[in-house]
1. Answer yes or no as to whether D73 is without any contact (Cβ under 8 Å) to a residue 60 or more places away in the chain, exposed (fewer than 15 other Cβ atoms within 10 Å of the Cβ) and farther than 13 Å from A85 by Cα.
2. Given the conditions (1) free of Cβ contacts under 8 Å to residues at least 24 places away in the same chain; (2) open to solvent by 90 Å² or more (accessible area, probe 1.4 Å), which single one is not true for E88?
3. Report, by residue number, each residue of segment 82-93 that is in a helix (DSSP H, G or I) and within 15 Å of R44 (Cβ to Cβ).
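The values are calculated or read from the model by the stated rules, or taken from the named source; none is laboratory data. The structure displayed is predicted, hence computed values, not measured ones. Note: ideal-geometry Cβ built from the backbone for every residue, glycine included; neighbour counts use all protein chains shown. All accessible areas refer to the heavy atoms of the entire protein, side chains included, with ligands and DNA or RNA removed. Shrake-Rupley method; radii C 1.70, N 1.55, O 1.52, S 1.80 Å.
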Amino acid sequence: GSGPASRRPADAGTPAAQPTAPAPRPVPETPTQHVERLRAELVRALGEDRFYAAHDRLLQVVEEEDDELLARDVNRILGDGHMEALGEILHLIDCEEQLADLLPP
């Protein structure tokens, strides 16, 4: 009903605010750990053969290359069901290149 028994104070059901210690911050990944995690996630999502075929094809890109040819090759390798992984593979390659620049020769 709509009588006084059905009315609840605004704060009913919410526990009183208790001071809590801040959650420990996660330890940030090193660049190497980040690259390894991204690669592992992509291999798990795409399968090893498909991932490495696409990764290797994207590493072969040269400035003068026909973008349409590259797009067709990558689409053929990944297939329509996995094209969303393209951005992630490109991100991984970018991270790998940055990591290579950080490491001594």
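1. The answer is no for D73.
2. For E88, the exception is condition (1).
3. Residues satisfying the conditions are H82, A85, E88, I89, L92.
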